[in-house]
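First comes the structure, then the notes that go with it.
None of the figures in this text is laboratory data; all of them are computed from the coordinates on show. Computed from a predicted model, the values in this text were never measured in an experiment. Note: ideal-geometry Cβ built from the backbone for every residue, glycine included; neighbour counts use all protein chains shown.
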Amino acid sequence: MIAIIDYDAGNLKSVEKAVAFLGDQAEITRDPEKILNAKGVILPGVGAFGDAMENLKKYHLPEVIHKTVNKKIPFLGICLGLQLLFEESEESPGVPGLGICRGKILRIPNGPDIKIPHMGWNSLNYDHPGRLFRGVPEGSYVYFVHSYYLKAADPEIVTASAFYSVNIHASIQQEHVFGCQFHPEKSGETGLAILKNFIDLTKEG
């Protein structure tokens, strides 16, 4: 079973449906025992960084997430879920993130013909080989909805990037922790292939 962490941050059902479409079982839960015994864990999310961290704390989930990572259970953060894995965000000054990965979340800078939030399809460039992108050609298009973007402290963990006013770190891999700024569950066949690669990882070992 793949656990989808429920912290009132939305976008959970579409992820659950995508996993089910790929032939695997997912459960939306905030039960620590179910999360820690899952074969894989997904942290989706839309909304504000500070509100999301407050909700995670309300449900005592930061410690559960850290235990999950320490157990080396494959973990995937999507959109806001990716951002929460890092240390801080300009969206919510003074609110620490989960700090599992090093880096900051910055506001997308204004520019000519730049609309914020960034909503739409962008192609991916591969910075380093990433296990989420096995069989997915470089230059594939995925769907983004965000006003803030990741700048990882360690470029070695960045597997894919996209350009929208600035170079966006669009996907990361740090050992068994993965993240996508884009929404694979809303990215058609390309997104399903990426999610399937994550599901396949949960079956290894």
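Extension gain for the segment Lys115 to Ser147, taken as residue separation times 0.36 nm less the Cα-Cα distance, is 10.6 nm to one decimal. Pairs with C-alpha atoms separated by more than 32 Å, drawn from the list Lys39/Lys115; Lys39/Lys104; Lys17/Lys57; Lys71/Lys186, are Lys39/Lys115.
Extending 7 Å from Cα along the Cβ direction at Phe21 and again at Glu189 yields two label points whose distance is 1.3 nm.
Pairwise alpha-carbon distances in the stretch 72-177 exceed 16 Å for 57% of all pairs. Near Ser14, once Lys and Arg are set to +1 and Asp and Glu to -1 for all other residues with Cβ below 14 Å from its Cβ, the sum equals 0. Taking each DSSP H run with n ≥ 4 as -39500 (n - 2.57) and averaging over every residue of the chain yields -7500 deg cm²/dmol at 222 nm. Derived from the Cα gyration tensor, the three semi-axes of the equivalent ellipsoid of the stretch 1-148 are 25, 21, 14 Å, largest first. Comparing Cα centroids, the stretch 78-124 and the stretch 33-61 end up 17 angstrom apart. With a simple spin-label model that places each label point 7 Å from the Cα along the Cα-to-Cβ direction, the separation between Lys71 and Leu36 comes to 0.7 nm.
Computed over the chain, relative contact order equals 20 percent, with contacts defined as Cα pairs under 8 Å that lie 6+ residues apart.
Residue ranges 109-120, 34-45, 12-23 sort as 34-45, 12-23, 109-120 when ordered by packing (mean number of other C-beta atoms within 10 Å per residue, highest first).
Other residues with beta-carbon under 12 Å from the beta-carbon of Phe133 carry, at +1 per Lys or Arg and -1 per Asp or Glu, a net charge of +1.
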